[in-house]
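Have a look at the structure below, then the notes.
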Amino acid sequence: MSHAERYRSGGFLIHPAAVLPPDVVDAAVRGMEAVRRGEYDRGQPPERSPWNPGDPTDTLCKIEQPQRASRGIFDLVRRRRIGELAAEATGADWVQVWWVQLLIKPVGVETERTRVNVGWHQDRHYWGCWEEGSELFTAWVALSDVAEDCGPLRFVPGSHRWGAIEGGDFFRGDLDATRSALSLPRGAEWAEEPAVMSAGGLSLHDSYTIHGSGENRSDRPRRSLALHLRTRNSRPVGDLRRDLARYIDDESMCPVIHGA
Ligand SMILES: O=C(O)CCC(=O)C(=O)O
């Protein structure tokens, strides 16, 4: 099966070996640490985020639009290689990064205070700023080796064909509870595939693919950047000044990584 066929049938594709040069990954990791300390070498802070400098480091660190704050992160985000792989999977002739999330999953367990899991969800649920039918997907780039014990992203194969599912919740860390809350269609078969990969590897997933992730039981933090992507077949709706699509005309934050 070709990459495009695998992406189309499963709703995701994993490139487990590094597709980005180590120096690019290392610079992005340094950028990640700087942003976490509140140091911004591009002169601007990231977007308002669930995690801010000074917050506890034993809980999931999620920082929005870190590429605005860090040269190392921006340099990774705009890599044409990511665009090529996204285009190969989706058949797109143009790909733009429209939002980025920095995610550091610390070593540790999920408790009321230390929230480390990501509950089962579909990204599309959070992206109401895009017109129905918009072609939206994510490149999840590993900045550390992500083994099975690091709490890798887990995909539910074929779930992108189940339509919009009620009950998903990124922020609800009890994975069994979020799974039971999902209103799956009759006959839906649940399976999970962990996105195990080396630093510099990446996965691509459709905005309707159900995914989540569990605890990091390894001895090192799990580091990643989630690049939310769109093709020409996408259009924002609503008030552009307020919503998640508000930076798409600014290539210093939202670079086009494939096509002119
Ligand atoms: O990194 C994770 O575990 C979850 C990330 C995620 O939900 C996404 O990239 O869409």
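The values are calculated or read from the model by the stated rules, or taken from the named source; none is laboratory data. As the structure is a prediction and not an experimental result, all values here were calculated from the model. Note: ideal-geometry Cβ built from the backbone for every residue, glycine included; neighbour counts use all protein chains shown. We work out accessible area using only protein heavy atoms, side chains counted, and drop any ligands, DNA or RNA first. Shrake-Rupley method; radii C 1.70, N 1.55, O 1.52, S 1.80 Å.
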Anything in region 1-18 that is surrounded by fewer than 18 Cβ atoms within 10 Å (Cβ to Cβ) and more than 16 Å from the chain's Cα centre (by Cα)? List them, or say none. Met1, Ser2, His3, Ala4, Glu5, Arg6, Arg8, Ser9, Ala17, Ala18
Let me spell it out: the conditions are (1) over 21 Å from Ala195 (Cα atoms); (2) outside any helix (DSSP H, G or I); (3) out of contact with any helix residue (DSSP H, G or I) (no Cβ under 7 Å at 6 or more places or on another chain); (4) open to solvent by 60 Å² or more (accessible area, probe 1.4 Å), and Ser49 meets all of them except one. Which number is the exception? (4)
Filter region 181-230 down to the residues that are open to solvent by 10 Å² or more (accessible area, probe 1.4 Å) and charged (D, E, K, R) and list them by number. Arg186, Glu189, Glu192, Glu193, Asp206, Glu215, Arg217, Asp219, Arg220, Arg223, Arg230
For region 223-239: of the residues being touching a residue at least 12 places away in the same chain (Cβ under 8 Å) and more than 16 Å from the ligand (Cβ to nearest atom), which is nearest to Thr90 (Cα to Cα)? Thr231
Being more than 14 Å from the chain's Cα centre (by Cα), under 22 Å from His3 (Cα atoms), open to solvent by less than 20 Å² (accessible area, probe 1.4 Å) and of a type in the set (Ser, Thr, Tyr) is the requirement here; does Ser134 meet it? yes
Which of the residues belonging to region 228-260 are closer than 29 Å to Pro194 by Cβ and touching a helix residue (DSSP H, G or I) at 6+ places or on another chain (Cβ under 6 Å)? Leu229, Ile257, His258
Got a number for residues in region 146-173 being open to solvent by 10 Å² or more (accessible area, probe 1.4 Å), within 15 Å of the ligand (Cβ to nearest atom) and not aliphatic (A, V, I, L, M)? 9
